[in-house]
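In what follows, a single structure is set out as structure tokens and then discussed.
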Ligand code: GDP
Ligand code: MG
């Protein structure tokens, strides 16, 4: 295809502002999906995505569109909407010339709208401002058109008004994509270069790699080379998605499509990498390649210990589809055999856990997630701590923790509530701007550890659901952090160790000891539960002793009932864990780790 008739664009929006619905409507408007084949959110492939209404993986669709008698090829590149996947977002944006900035006409600009807009501007994309959901009675398009126009520096009349639901305004929007976005440019006779913006494992076809060709041309049966590793593969198939895969005779400058080489692991086809030809390789990578960095670690354990091999196989399988998934075996006194797993963020953790439970029928328990700390000991060795149990003993020179830059947008009446919350999470105010008379953007620098856990929920509840949040990594900082251990009869229960700020150590200690006191059954002897920083005890509870004799409950009566009880007790024993001399049902640990 001649690059002059190609338009590559993405849709950027705050969650729930209607990106998937609009994408569906475009598929229908351009005729690539017949109305009878239409299912809501056609492009959100995975079940979990569909149910949660979020887009995890990007994908590209080619749609024909005619303007003034000329046939154009519009490539819509879907971008993941969540901050956990920001690197993938950046690669998708880098594959486009323009972006539709979609804003809910009843909500206005939200935090992810801004964050995505700034990213799109960094990539020098042409922006098409669009208000969506104009069919809603609560829509206030005049007001938000003004807000949007002011934000991106255009006239309010330039803001398009559409409804992804009814389809109103969608053909005009497609026309605008053709007329206001630039065509891609590249060197047709230079050595081939294509950037990978997504790669997906498919059970039948192996890894399907989505690329944007920058220079030259890729054709089937050639040998291609991945520039980050030098690995070469035969190009078995190349084509476009429309939205079902259609093999073609090749992809040239500005085109977007997929390729298949028969590799079985997404790690051999990495997002951000440059594909070139083995026979005539390019010299320069397209740039920006970066290995995914896990930000949050957690232990994952099967509730039934005999499921450990199933969990191992399941992780091996998921890894084929998720280059950001990282894990190694770990054992815990309380939980048995499991894995230490690294995630891009909490949503990534939840998705992985949900897929493991759903697709592999596993029951799992995860330990409290933690971020990655840089700990310098007195002799100046630096230890990277991804697990509280690796926290060095003895004197510590410095602990550094990762920081986040958070942007929060709220109605002005909630400024106080937001500031109070951010302050309590050790945040530092960086600035505040009014988007309009009623709405403000508040910027904080906050430790990542405080933001990745229940921050968003607290923010929502303090602002009656009005606040929106976006954050990104922002370096690291030294802080007064300590490891709190939980001891049972003087023995450490590994799964409950946590790294916290010294000011929060006491509340963590009292909370955990109180919780375990409730959950651990009485023993034949008194059992102290303690929380400690090093050798210093900061909290203590006691489980009082009991003379536990199951049979005495039966008053010497019915023999079969006695037998049943004994059997029950035996069965229970299998799930008992020994911590020192204390016998604890695994359920108690699991209950203590589950959020209530
Ligand atoms: P996404 O998170 O940006 O992909 O948003 P979705 O496309 O999943 O839409 C979020 C919600 O808004 C869904 O309940 C949609 O049915 C609804 N929605 C999307 N577009 C429109 C629209 O134009 N009008 C109305 N009334 N509802 C819409
Ligand atoms: Mg969506």
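Inspect all residues belonging to segment 190-205 and state whether any of them is farther than 15 Å from residue 74 by Cα and within 16 Å of ligand 2 (Cβ to nearest atom).
Yes.
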Does residue 103 count as within 22 Å of residue 409 (Cα to Cα), within 12 Å of ligand 1 (Cβ to nearest atom), modelled with pLDDT of 95 or more and in contact with a strand residue (DSSP E or B) (Cβ under 9 Å, 6 or more places away or on another chain)?
-> yes
For residue 359, are the conditions met, namely being modelled with pLDDT under 90, surrounded by fewer than 16 Cβ atoms within 10 Å (Cβ to Cβ) and closer than 15 Å to residue 300 by Cα?
-> no
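Kindly indicate which of 105, 120 is under 20 Å from residue 173 (Cβ atoms), crowded, with 22+ Cβ neighbours inside 10 Å and free of Cβ contacts under 8 Å to residues at least 60 places away in the same chain. Lay out the reasoning, then the answer.
On the way: 120 fails: free of Cβ contacts under 8 Å to residues at least 60 places away in the same chain.
Checking each option against the conditions leaves just 105.
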Out of 130, 89, sole residue that is crowded, with 20+ Cβ neighbours inside 10 Å, within 16 Å of ligand 2 (Cβ to nearest atom) and under 14 Å from residue 18 (Cβ atoms) = 130
For segment 327-385, which residues satisfy the criterion of being farther than 30 Å from residue 583 by Cβ and in a loop (DSSP other than H, G, I, E, B)?
-> 344, 345, 360, 371, 372, 378, 379, 380, 381
Residues of segment 501-525 satisfying the condition of being crowded, with 22+ Cβ neighbours inside 10 Å and over 17 Å from residue 334 (Cα atoms) | 505, 509
Select the helices (runs of 4 or more DSSP H) contained entirely in segment 407-482, then report the ones holding at least 1 residues which are over 27 Å from residue 350 (Cβ atoms).
-> 415-424
Examine segment 142-160 for a residue that is touching a helix residue (DSSP H, G or I) at 6+ places or on another chain (Cβ under 9 Å), within 16 Å of ligand 2 (Cβ to nearest atom) and closer than 30 Å to residue 271 by Cβ, and state whether such a residue exists.
-> no
Apart from one, (1) closer than 30 Å to residue 346 by Cβ; (2) modelled with pLDDT of 95 or more; (3) in contact with a strand residue (DSSP E or B) (Cβ under 6 Å, 6 or more places away or on another chain) all hold for residue 111; the odd one out is (2)
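Restricted to segment 4-21, and to residues that are part of a helix (DSSP H, G or I) and at pLDDT 95 or above, which residue is farthest from ligand 1 (Cβ to nearest atom)?
Filtering segment 4-21 for residues that are part of a helix (DSSP H, G or I) and at pLDDT 95 or above, the one farthest from ligand 1 (Cβ to nearest atom) comes out as 4.
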Search result, residues across segment 133-159 that are under 32 Å from the mean Cα position of the chain (by Cα) and either in a helix (DSSP H, G or I) or closer than 25 Å to residue 183 by Cα (or both) | 141, 144, 145, 147, 148, 149, 150, 151, 152, 153, 159
Being within 16 Å of ligand 1 (Cβ to nearest atom), in contact with a strand residue (DSSP E or B) (Cβ under 7 Å, 6 or more places away or on another chain) and without any contact (Cβ under 8 Å) to a residue 40 or more places away in the chain narrows it down to one of 159, 168, so name that one.
-> 159
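The values are calculated or read from the model by the stated rules, or taken from the named source; none is laboratory data. Values in this document were obtained by computation on a predicted structure and should not be read as measured data. Backbone-built Cβ (ideal geometry, glycine too); neighbour counts: all protein chains shown.
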